[in-house]
Amino acid sequence: MNPHELFQEEVKSNIKGLGDDQDMQALSRVWIREVARHKWAYNFSWLGRPAIQFPNDAWGLQEIIWKVKPDLIIETGIAHGGSLIFSASMLAMLDMCEAIESGKTLDPKNSSRKVIGIDIDIRSHNREAIEAHPMASRITMLEGSSISDDIVAQVHTLAEGYKSVLVCLDSNHTHDHVLAELKAYASLVTPGSYCVVYDTLIEDMPADMFPDRPWGPGNSPKTAVMEFLKNNKEFFVDKHIQHKLQITVAVDGFLCRSK
């Protein structure tokens, strides 16, 4: 076994230990519960745009993108656009690495890799900022409900011809909405790729954390995931990722499609 393989074996052992450590996982849930009261996730940006995500989850998504090497990422929920910019920049880095490896000249404004972002309300100031960003050429935005027949049809049409597709769901967090998103877009996920369902942690948080929201424990992305998995056996929860991250909003939300 070479040094690289030895290190990876050590990492596997570390992650298994985290997965077996119930106290550590409980402590992570407590930490998330307390930091959420301070809107911690709102405090970060990616390449200048606010990205309402946990930094751990961004790092985990980066690892998925490098592993899967998607040529299309579909995201529901845009907000300020930081997540779209993050995904576009990851695709740009894939383009750059492939250009370096092949010795080909890269046109940074002309990429076959794209990000589709969907939101029911793309506010004008956010749209303008996203369209003015250097990553904008890789981004297509659709305004409308992510589960409407029209938007779903548009996304399926836009996704035609792509060989590796990754999906991220982060809009309305009610059970019914997330389940409808999974039914609409999971079929686009290519074998070996992922559908990442964010904010599944809602199920494990106190109900009083969401007094002005239509979702909460019992009516959350995680309950939608569990319902979806009953009838979609080609998907499984990649526990390895959440055990590694510990601090994540996507507990049981990293869904991998079997190869």
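The values are calculated or read from the model by the stated rules, or taken from the named source; none is laboratory data. Source: prediction; values computed, not measured. No Cβ is skipped: glycine too gets one built from the backbone with ideal geometry, and neighbour counts run over all protein chains shown. Keep in mind that these areas ignore ligands, DNA and RNA; they rest on the heavy atoms of the full protein, side chains included. Shrake-Rupley method; radii C 1.70, N 1.55, O 1.52, S 1.80 Å.
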For the pair LYS39 and ASP21, how long in nm is the line joining their label points, each one 7 Å along Cα→Cβ?
3.2
Once the piece of chain linking VAL30 and GLU128 is laid out straight, how much longer is it, given 0.36 nm per residue of separation minus the C-alpha distance between them?
31.5 nm
Restricting to Cα pairs under 8 Å and 6 or more apart, the percent relative contact order of the stretch 121-259 works out to 23
Show that you can apply the helix-only estimate: for the chain, add -39,500 (n - 2.57) for every DSSP H stretch of four or more residues, divide by all residues, and state [θ] at 222 nm to the nearest 500.
-14000 deg cm²/dmol
Taking amide H positions as placed 1.01 Å from N in the peptide plane, with prolines and chain starts having none, which residues 5 or more places from LEU72, or on another chain, fall under 5 Å of its amide H?
LYS114, SER164, LEU166
From the cross-link list LYS222/LYS259; LYS163/LYS230; LYS39/LYS222; LYS16/LYS222, the entries with a Cα-Cα span beyond 25 Å are LYS163/LYS230
Phi-derived 3J(HN,Hα) across the stretch 210-226 with the Karplus relation (6.51, -1.76, 1.60, θ = phi - 60°), rounded Hz, x for Gly and Pro, is 10, x, 10, 10, x, 10, x, x, x, 9, 8, x, 5, 5, 5, 4, 4
Per residue accessible area of the chain, 1.4 Å probe, in Å²:
51
From phi via Karplus (6.51, -1.76, 1.60), per-residue ³J(HN,Hα) for the stretch 127-135 in Hz, x at Gly/Pro:
4, 4, 5, 5, 5, 8, 7, x, 7
For a 28 Å ceiling on Cα separation, which of these pairs sit above it: LYS69/LYS109; LYS12/LYS114; LYS12/LYS69?
LYS12/LYS114
Given a 1.4 Å probe and every protein chain left where it sits, what share in percent of the accessible area of the chain is carbon and sulfur?
54
The stretch 215-259: relative contact order as a whole-number percent, Cα under 8 Å and 6+ apart:
40
Could you tell me what % of all Cα pairs in the stretch 89-147 have separations over 17 Å?
47
Would you kindly derive the ³J(HN,Hα) couplings of the stretch 147-162 from the backbone phi angles with the Karplus curve 6.51 cos²θ - 1.76 cosθ + 1.60 (θ = phi - 60°), listing them in order in whole Hz, with x for Gly and Pro?
10, 6, 4, 5, 5, 4, 5, 4, 5, 5, 5, 5, 7, 4, x, 7
Separation between the ASP150 and SER102 pseudo-spin-labels, each 7 Å from Cα along Cα→Cβ, expressed in nm?
3.8
Give me the Kirkwood hydrodynamic radius of the stretch 167-259 in Å, from all C-alpha pairs, to one decimal place?
13.1
If amide H atoms are modeled at 1.01 Å from N in the peptide plane, then the residues at a separation of 5 or more from ILE139, or on another chain, having amide H under 5 Å from its own are VAL115
Can you give the relative contact order of the stretch 143-200 as a percent, counting alpha carbon pairs under 8 Å and 6+ residues apart?
42
Pull out the extension gain between SER137 and ASP208, defined as 0.36 nm times the separation in residues minus the alpha carbon to alpha carbon distance; nm, one decimal.
21.4 nm
Descending packing, highest mean Cβ count within 10 Å first, for 204-217, 184-197 is 184-197, 204-217
Quick one: plug the Kirkwood hydrodynamic radius of the chain (C-alpha pairs) into Stokes-Einstein at 4 °C, 1.567 mPa s, and report D in µm²/s.
68
